[in-house]
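Step one of this worksheet: look at the structure below.
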Amino acid sequence: MTALTRKLLRDLRRGPAQLLAVVALVALGVALYGASYDAYRNLDASYNAIFDRYHFADLTIVGGDAPAIATEVATIDGVATVATRTVADTPLRLADGKTLTGRVIGLPTTGQPPINQVEVESGSYLDPSRAGGVLAESHLADQADLSEDSTVEIWVGGTWQPLTVLGTVASPEYLWPAASRQDVLPAPGTFGVLFVPESLARQVLGPEPAEATQTGPNEVTVYYTPAARDDASELDARLAALAQRHGAADVVPRDDQPSNATLALDIKGFEELAIMFPVLFLTAAGLATYVVLTRRVARDRAIIGMMRASGFRRRTVLGHYLTTGLLCGLAGSVIGVLLGIAAAGTVTRLYIEAIGVPLTLVSIRASTVLGGLAFGLVAGALSALAPALAASRVPPAEAMRGVVPSTRGGRGLLARLERWIPATRRLPAAAWFVLRGPTRHPRRTLYTEIGVVLALVLILVSWGMLDTVRATMARQYDQVQRQDAQLVLDRPADAAILDDLAGVPGVAAVEPITERPITLEAGSKTYATALLGLRPDTTMHTFLDPDGGTRPLPATGVLLGTALREDLGVNSGDRVSLRFLDGSPADLTVAGFVDEPLGTFAYVSLDQVRALDATARSTGALVRFDPGTDAEAMRRALTSRPGVVAYEDTEALRRAAEDFMGLFYVFVGVMLLFGGMLAFTVLFATMSVNVAERSVEIATLRASGVSQRRLARLVTAENLLLVTVGILPGLGLGWLATDAYLSAFNTDLMRFATDIRPGTFAWSALAVVVVALLAQLPGLRALGRLDLGTVVRERAG
Amino acid sequence: MKPSARPAQTDASTAGDDAAPAVELLGAAKTYGTGHAEVHALRGVDLTVLPGEMVVLLGPSGSGKTTLLNLVGGIEPPTTGRVVVGGREITDFDEKARTTYRRGTVGFVFQFFNLVPTLTALENVRLVAELTGRGDRERAMHALEDVGLADRADHFPAQLSGGEQQRVAIARAIAKDPPLLLCDEPTGALDLETGLGVLRTLQRLNRAGRTLLVVTHNAAIAAIAHRVVRMRSGEIVTVTTTDTPGDADEVTW
């Protein structure tokens, strides 16, 4: 090993805490990249493996002449398999009497269907000899504690029919148990899926007066060849056109399938993080590396001068200091890659366990490992480049000089301020010590500020997301949805039943609601949603205008979720077509748009629903309770009334939404922790460098009788000045970053309007100040350990 | 000792008039800055140093002695004039050529030693010697023996006295066996005793045949030189020569 290499290695051990801070930042950045990106890819791979194994449909066609559609679709190139089935929603009652919205899906009793197969997790598959035997989807089974031989009832033909659970199953269609794309946050106990013999599903479906002709299967599922799947959109469009010719109401590609769309949206968060986190941390690491190495080069100027005077080439010196950055980057990235691999596996398993996915694929990907290493090395090299170049440009004559303090006296803002406002000259010297400190190395000061800003961005993004999600929930459940419960009735919601429900003690108000699945069409664009019919003077729903105000439900025309303005390309006053599930069409005028956090619906008055479909009737009721009533008692009282077959508790929905955010809160906590660590390490690096660089003057002041406590106060004041200057831009950028990050999650299903409480800004700023005070402690302790004689003699020459 | 003073314009030496010069400065001038900020650090200096000679450059701060040393050491080029070392003109060397020149031809001893604090005495010596392929342990130890520090080879700079540190710096300079040793205030940061030790070492190296150019403002050191060049305001004022330089042991200040 050459003496130069030995110097390099031993130099790394000089002031190791600063370099360790850099290594920690790189490691965190790379680990978060690895963890989030591999978690995303693990989950994606797991889902895809499940889709392959269980032949998850590439396209689902709802309504229309299913047998005819299936026959024609089977002849199209790229279609591997086609199947038909019957799917129907009906109230479901559990053994304890609780009711929920049930969905029955027909399966062949003789064996698995060719498409959308199920994984039998306990018990056995359907048996032709057991007509009343059904399979419970795993989420329902978990929530209702169903197992083999449990009993459930479904509402068929006006009565409750008991069924026996033969087994519990997982389905690729219900990895996330979303009832529809508009209902992606189902509350436990409000929705459940049963896989039943096809004949039973058809019995549940009809015939009903409104759909008297429909007694056969009502869905076609299509599975593509692998080659066709690679370019699915073209085939999707072709099959959609074909299906619509046969009266299909809705065509759902795999990407839009409710469970898949929800999970894709969720894991998209990991993908976003895989970019955002590393960018923040590696930028911070870069700043810290720059600051630490610049200080080292300044400290080593005389030695670098000696080396150059002795014949070392510029590139040797350049390489010497560049290697320091590279080694920090390498050490950080190796640690980060290892941490990332461990974290990715853990995150994937936790996530999959929380969701209840039957298959987990966790693998170590060479591309992620190499990417992580490359990120760390590039961050180290790039940030070391400027100091290393500066080192290589140190003239050999530096070896002849003692330490010359850098001076920028007479220039800059402060100097001008002093000239313009003579009174400032009366400020005590201590004030100038504090004010001038940051102007000595403007670039380093700038980087310290960037460190403060980055830390605030990370903290505020985490905290701001929390605030925004809470505000979004409050907006949805306190402002938009005003009912405490929604009831499903087995009869039209006429005056008699509404009066009866209104008479239940604790009920403040009752209103009818009609809910019909529809597909909206405008030109070639379509959108599947629900048409909700309410009284024009409804008190159960507030229609929030996109401009921030509220508006009433119009007597004529439809209010559309604001996402449809873009998705369908329509504006107020335009005509929009809609198609009911049975294929019957209608036209409406767009009366305006509503801005709602969850879902994108179409709202019309009840009279309009009846005008569109004479046979339509309200079979739902919205109920608001008197303040302070016991929700559980109300559930018992209302579900015992005649005609009430299912009950959905708004508070339960809200709790479900908050539970859904449980993982998110953990994630926010981790982000806050990382934000604090980032702030600490960046500020530690810069502040300890500031103190180290000024050891001579500080020692001189101490030698002159200035107390250590007073010096510590001056240094603290200077550091606080630096942090304070960074706070305002940090808070502003933090808000923008939160907005940008959340907007990545905005879809037609969920919209977040960035809403950060003023207190959050204050607490975030305070958190950074506290972290800064902690970060300067090692530097202040070093002040106390200064050997005055040695410092003054050796450094000043 | 028989000193004699003569004007700086004549530059013969008593150390051997018939030998080829080790160093020649011909009208060498150095100007820093431009316009109002122009500083004439060296104003057209002529100086010849013969092989084996020990020349001491004396003068107050700002007299140009360190600038002269920098020109000879190839640290910076003259603004005008010529610099010839060992028969090679280095005046117009570019940065790369000057680096190669410094590597092979000169050894530097600095006022503040400039030892690498994270390397032992031996490693400090090897650091520079490795540049010329003379960085093996034996040679480096030999250099340390030359300065009387073989027993301190494994000590770090912080474990050495100031005099010892300067002697390590001298060992570092001579380990690559340069024909010319340039010393910038070698005793400037040392007390009397340790300073004398360093002078003894330098004299011994000179007596072994090495050419030395020593910058100092300590007039006492002039006693051990073959020639003493006094400078002021960038010019050579006088050159004093002696046939028999004094012994370092007899120097005091």
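The values are calculated or read from the model by the stated rules, or taken from the named source; none is laboratory data. Small disclaimer: the values here were computed from a predicted structure and weren't measured. We place every Cβ from the backbone using ideal geometry, glycine too, and count neighbours over all the protein chains shown.
Checked against the criterion of being within 16 Å of A:Leu326 (Cβ to Cβ) and either within 14 Å of another protein chain (Cβ to nearest Cβ) or in contact with a helix residue (DSSP H, G or I) (Cβ under 9 Å, 6 or more places away or on another chain) (or both), the candidates A:Leu28, A:Leu32, A:Leu19 yield just one match: A:Leu19. If the condition is being among the charged types (D, E, K, R) and touching a residue at least 40 places away in the same chain (Cβ under 8 Å), then the range A:15-58 contributes A:Asp38, A:Arg41, A:Asp44, A:Arg53, A:Asp58.
Restricting attention to the range A:86-119 and to residues that are touching a Gly at 6+ places or on another chain (Cβ under 7 Å) and in a loop (DSSP other than H, G, I, E, B), the residue that is nearest to A:Arg635 (Cα to Cα) turns out to be A:Lys98. Among the criteria (1) within 26 Å of B:Gly64 (Cα to Cα); (2) modelled with pLDDT of 90 or more; (3) more than 9 Å from every other protein chain (Cβ to nearest Cβ); (4) part of a helix (DSSP H, G or I), the one B:Leu181 does not fulfil is (4).
Against the test of being surrounded by fewer than 22 Cβ atoms within 10 Å (Cβ to Cβ) and either farther than 28 Å from B:Tyr101 by Cα or more than 13 Å from chain A (Cβ to nearest Cβ) (or both), the options B:Ala220, B:Ala225 yield a single qualifying residue, B:Ala220. Just one of the listed residues (A:Leu487, A:Leu466, A:Leu498) is in contact with a helix residue (DSSP H, G or I) (Cβ under 6 Å, 6 or more places away or on another chain) and in contact (Cβ under 8 Å) with a residue 40 or more places away in the chain, namely A:Leu466. Screening the range A:675-788 for helices (runs of 4 or more DSSP H) wholly inside it with 1 or more residues that are under 19 Å from A:Leu454 (Cα atoms) and polar (S, T, N, Q) returns the ranges A:708-743, A:758-775. When residues in the range A:114-156 are screened for being within 22 Å of A:Gln203 (Cβ to Cβ) and acidic (Asp, Glu), 3 of them pass.
Only one of the listed residues (B:Ala175, B:Ala143) is buried (at least 20 other Cβ atoms within 10 Å of the Cβ) and away from chain A (no Cβ under 12 Å). That residue is B:Ala143.
Among the numbered conditions (1) farther than 18 Å from B:Ala169 by Cβ; (2) crowded, with 23+ Cβ neighbours inside 10 Å; (3) touching a Leu at 6+ places or on another chain (Cβ under 8 Å), the only one that B:Gly73 does not meet is (1). Taking helices (runs of 4 or more DSSP H) as the structural unit, those lying wholly within the range A:258-356 and holding at least 1 residues that are more than 30 Å from B:Val109 (Cβ to Cβ) correspond to A:258-299, A:314-355.
Does the range B:152-172 include one or more residues that are at the interface with chain A (Cβ under 9 Å from one of its Cβ atoms), within 26 Å of B:Gln203 (Cβ to Cβ) and in contact (Cβ under 8 Å) with a residue 12 or more places away in the chain? For the range B:152-172, residues at the interface with chain A (Cβ under 9 Å from one of its Cβ atoms), within 26 Å of B:Gln203 (Cβ to Cβ) and in contact (Cβ under 8 Å) with a residue 12 or more places away in the chain: present. The residue of the range A:566-585 that is surrounded by the fewest Cβ atoms within 10 Å (Cβ to Cβ), among those that are at pLDDT below 90 and under 30 Å from the mean Cα position of the chain (by Cα), is A:Glu566. Residue-level analysis places A:Asn218 outside the set of residues that are within 30 Å of A:Thr90 (Cα to Cα) and within 23 Å of the chain's Cα centre (by Cα). The set of residues from the range B:65-81 being within 14 Å of another protein chain (Cβ to nearest Cβ) and of a type in the set (Ser, Thr, Tyr) comprises B:Thr66, B:Thr67. The condition (being assigned to a loop (DSSP other than H, G, I, E, B), surrounded by fewer than 18 Cβ atoms within 10 Å (Cβ to Cβ) and away from every other protein chain (no Cβ under 13 Å)) is satisfied by just one residue among B:Gly52, B:Gly62: B:Gly62. Of the residues making up the range A:382-400, those that are surrounded by 24 or more Cβ atoms within 10 Å (Cβ to Cβ) and within 12 Å of chain B (Cβ to nearest Cβ) are A:Pro396, A:Ala399, A:Met400.
Residues of the range A:315-342 that are small (Gly, Ala, Ser) and crowded, with 19+ Cβ neighbours inside 10 Å: A:Gly325, A:Gly329, A:Ala331, A:Gly332, A:Ser333, A:Gly336, A:Gly340.
Annotation note: Cβ proximity below 7 Å between a residue of the range A:717-736 that is at negative phi and a residue that is exposed (fewer than 15 other Cβ atoms within 10 Å of the Cβ) and not in a helix (DSSP H, G or I) (sequence gap 6+ or interchain) occurs for no pair.
Filtered by the rule that a residue be buried (at least 23 other Cβ atoms within 10 Å of the Cβ) and part of a helix (DSSP H, G or I), the range B:100-121 gives B:Arg102, B:Ala121. For A:Asp467, the requirement of being assigned to a helix (DSSP H, G or I), closer than 30 Å to A:Asp256 by Cα and acidic (Asp, Glu) is met. Scanning the range B:241-253 for residues that are surrounded by fewer than 22 Cβ atoms within 10 Å (Cβ to Cβ) and within 22 Å of B:Val198 (Cβ to Cβ) turns up B:Thr242, B:Thr244, B:Gly246, B:Asp247, B:Ala248, B:Asp249, B:Glu250, B:Val251, B:Thr252, B:Trp253. For beta carbons closer than 7 Å, sequence separation of 6+ or different chains, a first residue in the range B:114-132 that is within 7 Å of another protein chain (Cβ to nearest Cβ) and over 19 Å from B:Ala189 (Cβ atoms) and a second that is of a type in the set (D, E, K, R) and not in a helix (DSSP H, G or I), the qualifying pairs are B:Thr118/A:Arg14; B:Val128/B:Lys176; B:Leu131/B:Lys176.
Within the range A:129-143, is there a residue that is of a type in the set (Ser, Thr, Tyr), in a strand (DSSP E or B) and touching a strand residue (DSSP E or B) at 6+ places or on another chain (Cβ under 7 Å)? No, every residue in the range A:129-143 fails to be of a type in the set (Ser, Thr, Tyr), in a strand (DSSP E or B) and touching a strand residue (DSSP E or B) at 6+ places or on another chain (Cβ under 7 Å). Give the range A:348-381 a look and list any residue that's crowded, with 16+ Cβ neighbours inside 10 Å and farther than 30 Å from A:Asp659 by Cβ, or say none. A:Arg365, A:Thr368, A:Val369, A:Gly371, A:Gly372, A:Leu373, A:Phe375, A:Gly376, A:Leu377, A:Ala379, A:Gly380, A:Ala381 - these are the residues of the range A:348-381 that are crowded, with 16+ Cβ neighbours inside 10 Å and farther than 30 Å from A:Asp659 by Cβ. The residue that is farthest from the other protein chains (Cβ to nearest Cβ), among those in the range B:82-113 that are under 27 Å from A:Ala3 (Cβ atoms) and in contact with an Asp or Glu (Cβ under 6 Å, 6 or more places away or on another chain), is B:Gln111.
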